[in-house]
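Only the coordinates and a few stated rules stand behind these numbers; no lab work does. A quick note: this is a predicted structure, and the numbers were derived from the prediction, not measured. Here the Cβ positions follow ideal geometry from the backbone for every residue, glycine too, while neighbour counts run over all protein chains shown.
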């Protein structure tokens, strides 16, 4: 700095120096203190957890506790020479090793040779290896024997963010402690304490933004706090924090979600415009909006949401107020739309448009029909059906119709009365098959590949000893049928079918000619279209369907036959 003084960053300045200062890791502190008080201190410890949650700080506190001149106690004095040396990192009996840069077998062998000697002026030689998972396989093997039979004056403390990468043989020789992510309220509490010591004027809302930026890491939160203080000095505004950290202002999330539930499309688009103007990443905005809706859903779904949500007290109160007049179903329907939109944004060219479309759809969602009201309408419809003389309820049956209506179970509730309250079905067409269709059916039974081609051919002539088949010019089926092997195989089957030698002639024809007989494939398609039209007319004219449309305020959009 310009005045020649050295600035110490907050993460180092306020690093925990005893177990009571370890925020969010009380379960670890209590267990280690009990082990020290009872004299049951293991020879090797493994501290696991995310970055910045206190693993290395705990290792140093543990080292000070074991080597403190005032005796082995559950809290170090932090004033004796031993404690001060360990705090400064100058102790000759406490070795802090970076596993990433000292990961070779030679490094471990040097360490193994070194720890044979008694500590110079402490009770124990303590080896702290950070990011221990970075050691090579040979290094682990070299360390294994020492871990199995360590000298009485040596304690090992390993720290790692990836314990699954450690060999089982190492894991089984250590007492493992899993460090948790620090909750937002605990980080806010610690930041408020530091802000008081640093004489910083900052709101709880800004502290919440900083804590959330840390993502469960106390060190990352302190680093973000340092960045904010460097920008704003000792008077910090909420706008400065949100702009500097690139986080979405919670007030903006609340305003946009309120506009969604209020059906205010103008407010929704204005909110997205504001997000875009300040330069927020649209996908990040969508993710934070998803988290906001998720918090609302939890509040409306469980009895004690404060035990589940990682929120500051003020944030929790605001969300409770916003969710008062909402149902869990209303929130869930909109949350589903946002989750789908977020997944589509990964490779989207227009992420803002995707967010706008999703939020507009969420805003314009029609309200759900209460289930009891729907049941009452179904009962009324059943009553009408029972008293309709021309439509016997017990024997009635029609194809199921898909009705367009907003209900909680759109595929079940409206369709149920329609499936039960049906009339007669149109009979299947009667009559025998032509010689051509019977021949193709015979070929299909014998050689499916041949039959699939013949189905697309038109029977031009069927005389004694001759079958002439036409295929559209330029079609795949013409090419396949003109193959000599195809003709030979078809002739053999035709001879068997007719009981006499039958010549097969393949002719190229223009498709769509009026006097050309339909192929079986064309006839099947034509019959299916005619059948659909007849069914549609039958359903549309059915009295029960008309009554269902009136009762539910819906319309027939599609008819399917089962």
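A few comments on the model shown:
- In this label model, residue 550 and residue 534 are separated by 2.9 nm, measuring between points 7 Å along each Cα→Cβ vector.
- For the chain, share of DSSP beta bridges that run antiparallel, in % to the nearest 5: 25
- Folded to 0 to 90 degrees: helix 26-38 orientation relative to the chain principal axis, Cα: 40
- Extension gain for the segment residue 307 to residue 175, taken as residue separation times 0.36 nm less the Cα-Cα distance, is 44.6 nm to one decimal.
- DSSP assigns beta bridges within the stretch 435-524; of those with both partners inside it, close to 40 percent run antiparallel.
- Relative contact order, percent, the stretch 184-245 [alpha-carbon distance under 8 Å, six or more residues apart]: 36
- Protection proxy ranking, peptides 200-213, 170-183, 230-243, average beta carbon neighbours within 10 Å, highest first: 200-213, 170-183, 230-243
- Computed lengthening from residue 320 to residue 193, 0.36 nm per intervening residue step minus Cα-Cα distance: 43.0 nm
- Our estimate of slack between residue 380 and residue 525, defined as 0.36 nm per intervening residue step minus the Cα-Cα distance, is 48.2 nm.
- With the simple spin-label model, which puts each label point 7 Å out from Cα in the Cβ direction, the residue 365 to residue 350 separation comes to 2.4 nm.
- Cα-based helix-to-principal-axis angle, 250-261 vs the chain, degrees rounded to 10: 20
- Residue-averaged 222 nm ellipticity for the chain, from DSSP H runs of 4+ at -39500 (n - 2.57), nearest 500: -16000 deg cm²/dmol
- Span from the the stretch 147-203 Cα centroid across to the the stretch 310-342 one, whole angstrom: 33
- With R₀ fixed at 25 Å, the C-beta to C-beta distance from residue 112 to residue 9 puts the FRET efficiency at about 0.10.
- Against the chain, whose longest principal axis comes from its Cα atoms, helix 520-540 is set at around 80 degrees.
- Over 20 Å [Cα-Cα, the stretch 1-156], rounded percent: 53
- Residue 121-residue 201 FRET efficiency (beta carbon distance; Förster radius 60 Å; 0.05 resolution): 0.85
- Global form of the stretch 250-363, assessed from the alpha-carbon gyration tensor, a/c cut-off 1.5: prolate
- Simple spin-label estimate for residue 483 and residue 101 gives 7.0 nm between the two label positions (7 Å along the Cα-to-Cβ direction from each Cα).
- Ranked by the mean number of other Cβ atoms within 10 Å of their residues, highest first, the peptides 354-360, 552-558 come out as 354-360, 552-558.
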